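One structure is given below, encoded as structure tokens.
The values are calculated or read from the model by the stated rules, or taken from the named source; none is laboratory data. Predicted, not measured: the structure shown is a model, and the values here were computed from it. Glycine also receives a Cβ, built like all others from the backbone with ideal geometry; neighbour counts cover every protein chain displayed.
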């Protein structure tokens, strides 16, 4: 349920639970102030500055930067094909970053989902600056047309029939990338088909059958009158149904695992299959009972497999594969030894099982898990039925709490901040990718925003449903951070209307804002964000204007506007 008084593009009306909305700057005027080094004593003043003066707080600024990545006429994508979204304008020879002048189905799927959410908001009357809903929809449809082409482009992973849908990236003209890479990467087809399904569902609900976009989506996304091999969604979902149990690399492109061995990949695959089942049973489309049966069977098997990733006892060394190896040391500059033992031994979702090769992660702390929850969220915060794998579940919250404790300990740039005060978060603490080569990893914008995204979805879910907040040993530590006066009892239930219910949500809101506020300090004066933030001094590094950074910020803004 969307509260139209709190739009994503600048209408900051009051929230019914009494939490103050962030003030958003005008889309036509961006005021910037260079922030001094932040200490705990200056956090209150920093919050005031962020709320009124930073371009990163403005959705239309982030939208403008994201649309710049889309061909053929985006300012960061000149000469690229229509429907191509470049991951970054960084090219070979730039010196300060790797070559990201490619299109990844994963990155594009994540970013187009943010565009779709904004498109729907603009159709409901929200302001997106100079961009109309049709401006945004043009990029969305171009992306789907390009995706159909990529599905049928033979590549190093195979052909349409033999595994080519798992190919991780393509050239900006839509031709195959022929170099060596971590193959396959099976979250790409899942993320692509999720946004395709969401777009088709939106059109079926809001437009008539004669609408040009509806006809386009029915034919090309679902294959009405064209056959399954011409259906973007059916092709991806049939591939997922066959391939999910095989080997795949994860979203960071570094670790290969067997037997459906990555949590994030499985979560996105499960969501894609479930969305496909809805469409296969939709009477307004060509029903496909056979597909519904195949996809349901695969989704059920994935749901069962996901239980293997829940680590109730906090056991370490369960990811599989070779042991730590020479590239993982607990006493080097990555500061793994500074992580408190009680944090490491706390319950969490494990990012990888059955690792075959690639970077070991003995801490088992990886923001990929949080992204698995948010990327697999179906867009509905009003559900009252229990689902273990929703972003407001206690398993997700326990993992989030563990992660922010870990990153607070390992990054020098977080010195002086408590975990709940918006610490910068990275991919995982063992990371050695510095944005150019291999030395030592850093916080990222998108991984820091992922924390805010989860927190806002939790708030929106409870504010929308009025469900009680349940305290358990898994969630007490996080809720205590949000509400320091929370009673010490590890088990309690607080209903809407109680002081505790209100103050827990208010505290979580403050936490969510602080993660965005802190990241805002490191964007440039126009709101540009690179891939990474240096772990020592906070300067931006890695790929310039990373598209995924802007999309992840837009996802946070969208989740925030769902709070009613």
Quick one: in the range 260-287, which of the residues that are more than 22 Å from residue 184 (Cβ to Cβ), in a loop (DSSP other than H, G, I, E, B) and touching a residue at least 60 places away in the same chain (Cβ under 8 Å) is nearest to the chain's Cα centre (by Cα)? 282
Could you check the range 300-318 and list, in sequence order, the residues that are at pLDDT 95 or above, part of a loop (DSSP other than H, G, I, E, B) and either buried (at least 17 other Cβ atoms within 10 Å of the Cβ) or at positive phi (or both)? 314
Let me confirm something: among 198, 234, which residue is under 18 Å from residue 112 (Cα atoms), assigned by TED's automatic domain parsing to the domain that holds residue 150 and either at pLDDT 95 or above or in contact with a strand residue (DSSP E or B) (Cβ under 8 Å, 6 or more places away or on another chain) (or both)? 198
Any hit, the range 165-173, residues being farther than 16 Å from residue 146 by Cα and surrounded by fewer than 20 Cβ atoms within 10 Å (Cβ to Cβ): no
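For (1) in a loop (DSSP other than H, G, I, E, B); (2) more than 24 Å from residue 233 (Cβ to Cβ); (3) in the same structural domain as residue 560 (by TED's automatic domain parsing), each residue gets a yes or a no:
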position	(1), (2), (3)
61	no, yes, no
66	no, no, no
81	yes, no, no
110	no, no, no
114	no, no, no
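Yes or no, residue by residue, for (1) over 25 Å from the mean Cα position of the chain (by Cα); (2) farther than 23 Å from residue 182 by Cβ; (3) in contact (Cβ under 8 Å) with a residue 24 or more places away in the chain:
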site: 296; (1), (2), (3): no, yes, no
site: 313; (1), (2), (3): yes, yes, yes
site: 316; (1), (2), (3): yes, yes, yes
site: 322; (1), (2), (3): yes, no, yes
site: 328; (1), (2), (3): yes, no, yes
site: 342; (1), (2), (3): yes, yes, no
site: 352; (1), (2), (3): no, no, yes
site: 355; (1), (2), (3): no, no, yes
site: 358; (1), (2), (3): no, no, yes
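Yes/no matrix, rows are residues, columns are (1) modelled with pLDDT of 95 or more; (2) closer than 27 Å to residue 477 by Cα; (3) surrounded by fewer than 13 Cβ atoms within 10 Å (Cβ to Cβ); (4) out of contact with any strand residue (DSSP E or B) (no Cβ under 8 Å at 6 or more places or on another chain):
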| position | (1), (2), (3), (4) |
| --- | --- |
| 492 | yes, yes, no, no |
| 502 | yes, yes, no, yes |
| 519 | yes, yes, no, no |
| 525 | no, no, yes, yes |
| 530 | yes, no, no, no |
Inside the range 322-377, the number of residues satisfying the requirement of being under 25 Å from residue 552 (Cα atoms) and outside any loop (DSSP other than H, G, I, E, B) is 11
Check on residue 108, in contact with a helix residue (DSSP H, G or I) (Cβ under 9 Å, 6 or more places away or on another chain) and under 14 Å from residue 199 (Cβ atoms): yes
Taking residue 285 and the conditions (1) crowded, with 24+ Cβ neighbours inside 10 Å; (2) modelled with pLDDT under 95, which numbered condition does it fall short on, given that it satisfies the others? (1)
Does any residue in the range 127-152 that is touching a residue at least 12 places away in the same chain (Cβ under 8 Å) come within less than 7 Å, Cβ to Cβ, of a residue that is surrounded by fewer than 20 Cβ atoms within 10 Å (Cβ to Cβ) and in a helix (DSSP H, G or I) six or more places away or on a different chain, and which pairs are these? 133/123; 137/213; 141/213; 141/216
Taking the criterion of being in contact with a strand residue (DSSP E or B) (Cβ under 9 Å, 6 or more places away or on another chain), closer than 16 Å to residue 550 by Cβ and not assigned by TED's automatic domain parsing to the domain that holds residue 253, would at least one residue in the range 87-96 satisfy it? yes
